[in-house]
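This report concerns only the one structure given below.
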Amino acid sequence: MNAILVIIIAFVLLEFVLSSVLSYLNGRWMTHPIPQLLQGLYDEQQYAKQQHYMRANRRVSSLKRGVEVVVTLVLLAAGVYGRYDNWCKSCFDTGIVELLVFFFGCQLFIEILSIPFSYYSTFNVEQRYGFNKTTAATFWLDCVKEFLIEYVMTAIVMCGIFLLFQWLGSSFWIWATCFLTVFIVIVNLFYSSVIVPLFNKQTPLEAGILRQAIEQAAARMQFKIKNIYVINGSKRSTKANAYFTGFGPKKRIVLYDTLIEQLSTDEIVAVLAHEIGHYKHHDTLIGMVRAIAMVAAYLWVFSLVVSSPELPAALGGTAPSFALSILAFSMLLTPIEIALNPVANILSRRAEYKADAFAARHGLGAALVSGLKKLSVNTMSNLTPHPLVVWFNYSHPTLYQRILAINKIQK
Ligand SMILES: [Zn+2]
């Protein structure tokens, strides 16, 4: 057996074991007593329902994880990627078409594998607990649209890297980094005006008490914003959200209609102040710079091994193949990604604390706390996640941690 294949299989198993252990720990921690600060959010009956909801979610994700690992191991052991790549080569003689067809097949397979789980999760779990608002037609249309958008993105990135490699040889990584930087900036700039409208309707927040309150608060925070939009999140789910997107003149604040329904004006202004905090701290920009630095590092390492025959051979390839090389390389990155995940989450949680502090310092701490509590109850989120799971996987501090930190500032 190819040594690299053995390493890839070991990494697949490592990731599976790690995520299973974390899920097990979280399950054990569910019955942990609720911290004093969070008591009274649910009555006994509602809390029992919340615990059932979390258990149902855990069962779906455990099953998904199990099926995925078995399928991945079978594909690797049987050399299916290599065979599929050979078939692509025999049908299409230009490298670029072969590459596009190869990734189309891989992505389509992943999509088809994941659909039964998301269908069950939407129309069984979410439906039973009263969250789902999606119709079957919207669900299937979303699947098709998401798949196509993802594929177009992959195709642009793969073609760019491949053509630069053909023209420049192993020094392609410098120009590929420039190309991806432009790509990331464009996607960030046009995400809300091009991609979001494919799924949702966004309308400018109409004049009235809420808009006035938001504008007054924004002026107090020396934040100029014209683009405040309401998105029809209620088309799919009762769960609420708000986010900040784009930068420069393209920056916009987006509120879910469900958020406006569930939160009071003060609470919405506080959630918005949190988002303005992100903007003031340049979190979108920092995130983008970080992503570009990672891309540059990955591309540089890839440029060192791109011509190695062992990479395609690990996946069952019998000839040099750019598609198999990049796929094998991405699989070899697994442990680095596992190691970087908590680092990225620590940085993200730090930014969240700072955005909360920004809102609290503008006198909106109490409103933010009551808004966060409502959002937590309305999404039945976990009040007692295991600390190790938080450390590994949480991009946001827990509700308890956020309230503690906000209260400290208010004192
Ligand atoms: Zn945030």
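In whole Å, how far is the Cα centre of the stretch 116-150 from that of the stretch 21-79?
Cα centroid of the stretch 116-150 versus Cα centroid of the stretch 21-79: 20 Å apart.
Shape call for the stretch 1-148 from the C-alpha gyration tensor, a ≥ b ≥ c root eigenvalues: rounded (a/c under 1.5), prolate (a/b greater than b/c) or oblate?
Judged from the Cα gyration tensor, the stretch 1-148 comes out oblate (a/c at least 1.5, b/c at or above a/b).
With Cβ to Cβ distances under 14 Å as the rule, what net charge do the other residues near PRO320 carry (K, R +1; D, E -1)?
-2
Can you compute the charge dipole magnitude of the chain about its Cα centre, using +1 on each Lys and Arg Cβ and -1 on each Asp and Glu Cβ, nothing else charged? Give it in debye, rounded to the nearest 20.
1160
Quick one: the Cα spread of the chain along its three principal axes, in angstroms, biggest first?
Each principal axis gives a Cα extent; for the chain these are 65, 47, 42 Å.
Using the Cα centre as the reference, give the magnitude of the dipole from point charges on the C-beta atoms of the stretch 247-289 (Lys, Arg: +1; Asp, Glu: -1; all else neutral), rounded to the nearest 20 debye.
Charge dipole, the stretch 247-289, about its Cα centre: 360 debye, nearest 20.
Please list the equivalent ellipsoid semi-axes of the stretch 268-405, computed as the square roots of five times the alpha-carbon gyration tensor eigenvalues, in descending order and whole angstrom.
One finds semi-axes of 41, 17, 11 Å for the stretch 268-405.
Among the aspartates and glutamates, which have Cα under 13 Å from the Cα of LYS64 when same-chain residues fewer than 8 positions away are ignored?
The qualifying aspartates and glutamates are GLU111.
Relative to the compact-globule scaling 2.2 N^0.38 Å, provide the ratio for the alpha-carbon radius of gyration of the stretch 213-288.
Scaled against compact globular proteins, the figure is 1.09.
Out of ILE336, VAL306, TYR353, whose Cα points farthest toward the positive end of the dipole of the stretch 266-356 (charges: +1 Lys, Arg; -1 Asp, Glu; placed on Cβ)?
Of the candidates, VAL306 comes out farthest on the positive side.
Between the helical axis of 172-190 and the dominant principal axis of the chain, each derived from Cα atoms, what acute angle in degrees is found, rounded to the nearest 10?
Orientation of helix 172-190: about 30 degrees from the principal axis.
What does the stretch 121-228 give for Rg and for Dmax, in Å, if only its C-alpha atoms count?
Here Rg and the maximum Cα pair distance are 20.9, 60 Å.
Could you pull out the GluC sites (Glu not before Pro) across the stretch 179-261 that fall in loop regions by DSSP (anything but H, G, I, E, B) with no more than 14 other Cβ atoms inside 10 Å?
Loop-located and lightly packed - GLU206.
For a test of the definition: using alpha carbon positions, the gyration tensor, and the 1.5 limit on a/c, classify the stretch 327-400 as rounded, prolate or oblate.
prolate
Determine the share of the stretch 1-87's accessible area contributed by carbon and sulfur atoms, expressed in whole percent, with a 1.4 angstrom probe.
64
With a 1.4 Å probe and all protein chains left in place, how much accessible area per residue does the chain have, in Å²?
Spelled out: the 1.4 Å probe surface of the chain, per residue, equals 51 Å².
Sorted by packing (mean other beta-carbon atoms within 10 Å per residue), highest first, where do 325-335, 159-169 land?
325-335, 159-169
Take every Cα pair under 8 Å in the stretch 49-181 that's 6+ residues apart, average their separations, divide by the length, and report that relative contact order as a whole percent.
24
Relative to the Cα centre, what is the charge dipole magnitude of the stretch 107-174, using +1 at the beta carbon of each Lys and Arg, -1 at the beta carbon of each Asp and Glu, and rounding to the nearest 20 debye?
Using Cβ point charges on Lys, Arg, Asp and Glu, the stretch 107-174 gives about 100 debye.
Considering only the chain, what is the antiparallel percent among its DSSP beta bridges, to the nearest 5?
Among the beta bridges of the chain, antiparallel pairing accounts for roughly 65 percent.
Using helices alone, what [θ] at 222 nm do you get for the chain, with -39,500 (n - 2.57) per DSSP H run of 4 or more residues, divided over all residues and rounded to the nearest 500?
For the chain, the value works out to -23000 deg cm²/dmol.
Any idea which of PRO116, ILE225, LEU163 is furthest toward the positive side of the dipole for the chain, if Lys and Arg beta-carbons carry +1 and Asp and Glu beta-carbons -1?
About the Cα centre, the residue reaching furthest to the positive side is ILE225.
The values are calculated or read from the model by the stated rules, or taken from the named source; none is laboratory data. A quick note: this is a predicted structure, and the numbers were derived from the prediction, not measured. Positions of Cβ are generated from backbone atoms using ideal geometry, with glycine treated the same way; all protein chains shown enter the neighbour counts. The protein model used for the area step is the full one, side chains on, heavy atoms only, and it has no ligands, DNA or RNA in it. Shrake-Rupley method; radii C 1.70, N 1.55, O 1.52, S 1.80 Å.
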